[in-house]
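The values are calculated or read from the model by the stated rules, or taken from the named source; none is laboratory data. Note that the coordinates shown come from a computational prediction; the quantities given were computed from them, not determined experimentally. Every residue, glycine among them, receives a Cβ derived from its backbone with ideal geometry; neighbour counts consider all protein chains shown.
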Amino acid sequence: MVGSDFMTRLLERGLAASDLRQRVLANNVANVSTPGFKRSRVDFEAQLAEAVTKGEGADEVRPTVVTEAYSIGRPDGNNVDIELEMTRIAENQIWYSALTRQLSDHFSRLRMVIHDGRR
């Protein structure tokens, strides 16, 4: 755990979910030609939003890997669409960058408070 305040824990959870999502997406891409392979996805943001809305802690929310076993795919049974996966990878990279920026800004604000507003 990086920090103990709510914002730090929230951002840390988001980064962990984004990291897992990148690994899952890379696995999908790696198996694009594997007959019968079913793509997976990571569910996290909706669960996190629900927990925050209910006033629960972010510590309880864990990203979940879900296999899309019943979606329609190609005749060989594989349901990976490489263009869609590459788009999702790009989206995830942008999301990860935004979260790291938020965490950096958060620590900058904390540092400024610790030093009484002096840099």
Would region 87-106 turn up any residue that is more than 22 Å from LEU11 (Cβ to Cβ) and surrounded by 11 or more Cβ atoms within 10 Å (Cβ to Cβ)?
yes
Selection from region 10-52 of residues touching a residue at least 40 places away in the same chain (Cβ under 8 Å), crowded, with 18+ Cβ neighbours inside 10 Å and farther than 19 Å from ASP81 by Cβ yields LEU10, LEU11, ARG13, GLY14, ALA17, SER18
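Identify the residue in region 41-78 that is among the charged types (D, E, K, R) and in a loop (DSSP other than H, G, I, E, B) and, among all such residues, is nearest to ASN92 (Cα to Cα).
The selected residue is ARG62.
Can ASN78 be described as in contact (Cβ under 8 Å) with a residue 40 or more places away in the chain and either closer than 21 Å to LEU103 by Cβ or surrounded by fewer than 16 Cβ atoms within 10 Å (Cβ to Cβ) (or both)?
no
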Exactly one of these conditions fails for VAL61: (1) more than 27 Å from LEU110 (Cβ to Cβ); (2) modelled with pLDDT of 85 or more; (3) of a type in the set (A, V, I, L, M). Give me its number.
(1)
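Could you grab me the full set of residues in region 11-40 that are among the polar types (S, T, N, Q) and not in a helix (DSSP H, G or I)? Please lay out each step first, then the result.
In the first step, residues of region 11-40 are kept if they are among the polar types (S, T, N, Q); the result is 18, 22, 27-28, 31, 33-34, 40.
ASN31, SER33, THR34, SER40, listed by residue number.
Say we look at region 79-104 and pick out the residues that are part of a helix (DSSP H, G or I) and of a type in the set (D, E, K, R); which of these is farthest from the chain's Cα centre (by Cα)? Walk me through it before giving the result.
Restricting attention to region 79-104, the residues satisfying the condition of being part of a helix (DSSP H, G or I) are 82-104.
Those still in the list that are of a type in the set (D, E, K, R) too: 83, 85, 88, 91, 101.
Values: GLU83: 19, GLU85: 14, ARG88: 11, GLU91: 10, ARG101: 15 Å.
Looking at residues that are part of a helix (DSSP H, G or I) and of a type in the set (D, E, K, R), I get GLU83.
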